[in-house]
Amino acid sequence: VFVNGKPDKSQYRKFKIYTKQGPNDTAMLKEILERRFRHNKWPFPDLILIDGGKPQLNAAHSVISNYYTTLFKKQRAPSLVALMKNKKHIGEKIYISGRKYPISLTKLSPADRNLLLAIDSEAHRFAISYYRRLHRKSLR
């Protein structure tokens with residue numbers, strides 16, 4: 001969670017995956033978003049940044065469309081952006097929900113590009129630290 005361009009660690013949440021075994025990015029993403037939106041007391045985001053490409057964006061869009069049309073009719077659905085990385089795992093393009101083609105990060109202003117990359121880096125840092133903690137417990 002970022003507020004005014006800065007991380008708000010008090011709003012970070014961890015989700016352990018329960019429904020899928022093995023790697024399945026879109027299924028895990030759907031589970032996390034469904035569980036996240038069931039907590040209607042948590043503040044709703046203006047923007048959701050997805051790590052991935054078109055398949056992950058479509059998965060997130062299906063969950064959000066379902067929740068916002070059935071449960072949150074009075075609220076505006078958050079914008080969805082998927083950050084696609086190159087083979088060196090460096091952010092290269094973004095997909096925006098409702099647009100057919102991706103936009104190169106070089107077309108964004110430096111401030112916008114840096115914010116998206118900072119959000120992505122912080123999310124990875126947080127997720128990796130949680131994964132390592134779970135993995136260490138399983139080795140004991």
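The values are calculated or read from the model by the stated rules, or taken from the named source; none is laboratory data. Not measured: the values here are computed from a predicted model. Here the Cβ is made from the backbone with ideal geometry for all residues, glycine too, and neighbour counts use every protein chain on show. Ligands, DNA and RNA are excluded from the accessible area calculation, which covers all protein heavy atoms including side chains. Shrake-Rupley method; radii C 1.70, N 1.55, O 1.52, S 1.80 Å.
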*Mind checking which of G22, I32, P7 is farthest towards the positive end of the chain's charge dipole, using Cβ charges of +1 (Lys, Arg) and -1 (Asp, Glu) about the Cα centre?*
G22
*Show L29, L115, L105 ordered by accessible area, largest first, where the area counts protein heavy atoms only and the probe is 1.4 Å.*
L115, L29, L105
_Suppose every Lys and Arg Cβ carries +1 and every Asp and Glu Cβ carries -1, with no other charges. What dipole size does the chain come out with about its Cα centre, to the nearest 20 debye?_
460
_Contour minus Cα-Cα distance for N86 and L47 (0.36 nm per residue)_ = 11.8 nm
*asked:* Please compute the modelled spin-label separation between R99 and N66, points set 7 Å along Cα→Cβ, answer in nm with one decimal.
replied: 2.7
_Taking 41 Å as R0, compute the FRET efficiency from the Cβ-Cβ separation of I17 and A111 and round it to 0.05._
0.75
*Tell me, what ³J(HN,Hα) does each residue in the range 92-100 have, in order and in whole Hz, if you take phi through Karplus 6.51 cos²θ - 1.76 cosθ + 1.60 with θ = phi - 60° and put x for Gly and Pro?*
10, 9, 10, 9, 10, 4, x, 10, 6
*Report the accessible area of H39, computed with a 1.4 Å probe over the heavy atoms of all protein chains in place, in Å² rounded to the nearest 10.*
80
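Count the DSSP beta bridges whose two residues both fall in the chain, then state the antiparallel fraction as a percent rounded to the nearest 5.
Working: 9 of 14 bridges.
The antiparallel proportion sits near 65 percent.
Rounded, prolate or oblate: which one fits the chain, using the alpha carbon gyration tensor with axes a ≥ b ≥ c (rounded when a/c is under 1.5, else prolate when a/b beats b/c, else oblate)? Please report the intermediate quantities before stating the final value.
On the way: a/c = 1.40, a/b = 1.10, b/c = 1.28.
It is rounded, given that a/c, with a ≥ b ≥ c, falls under 1.5.
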*With labels modelled as points extended 7 Å from the Cα through the Cβ direction, what inter-label distance (nm, one decimal) is found for R36 paired with R133?*
1.8
_Quick check on the chain: helices-only [θ] at 222 nm, where DSSP H runs of length 4 and up contribute -39,500 (n - 2.57) each and the sum goes over total residues. Nearest 500, please._
-15000 deg cm²/dmol
